[in-house]
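Take a look at the structure set out below.
Since every read-out is calculated from the coordinates, none of them should be taken as a lab result. Small disclaimer: the values here were computed from a predicted structure and weren't measured. Backbone-built Cβ (ideal geometry, glycine too); neighbour counts: all protein chains shown.
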Amino acid sequence: MIHPQLLSILRCPTTQSQLQIADEAVIESVNAAIAAGKMQSRVMETLTRPLDSGLVNADGSLLMPVYENIPDMNPDDAIILEQLDQLDREITEGFE
């Protein structure tokens, strides 16, 4: 778990907004997409390592990965959460 004092000073490296711990449902969805080979970083690198947790920026657009309780604050490693919406649409369209 990320120490609350550390969380209070961390900011999104892209938007400079405050970060909050991501909901477990978001982490599960991201990890399912990673396992399926369908999740990419901001620089379009396909992710292969599941997240332990994550930090979401204020507008909910970016997720900073957390591995072994260490936040990855490299802006290139951020995950654009809109990808989850796109994957949901692809799945839904596949059932029509």
* Asked: Add -39500 (n - 2.57) for each DSSP H run of 4 or more in the chain, then divide by its residues: what number comes out at 222 nm, to the nearest 500 deg cm²/dmol?
  -> -9500 deg cm²/dmol
* At a Förster distance of 30 Å, what's the computed FRET efficiency of Asp88 paired with Ile21, Cβ-Cβ distance as r, to 0.05? -> 0.85
* Just the C-alpha atoms of the chain: what Rg/Rh do they give, with Rh taken as the Kirkwood radius? -> 0.98
* Once you charge only the Cβ atoms, +1 for Lys and Arg and -1 for Asp and Glu, what is the size of the charge dipole of the chain about its Cα centre, to the nearest 20 debye? -> 320
* Asked: Helix 82-94 versus the longest principal axis of the chain: what is the Cα-based angle in degrees, 0 to 90, to the nearest 10?
  -> 20
* Local charge sum around Ser61 (other residues, Cβ-Cβ under 12 Å, Lys/Arg +1, Asp/Glu -1)? -> -2
* Asked: Where does helix 24-35 land angle-wise versus the long Cα axis of the chain, in degrees 0 to 90, nearest 10?
  -> 60
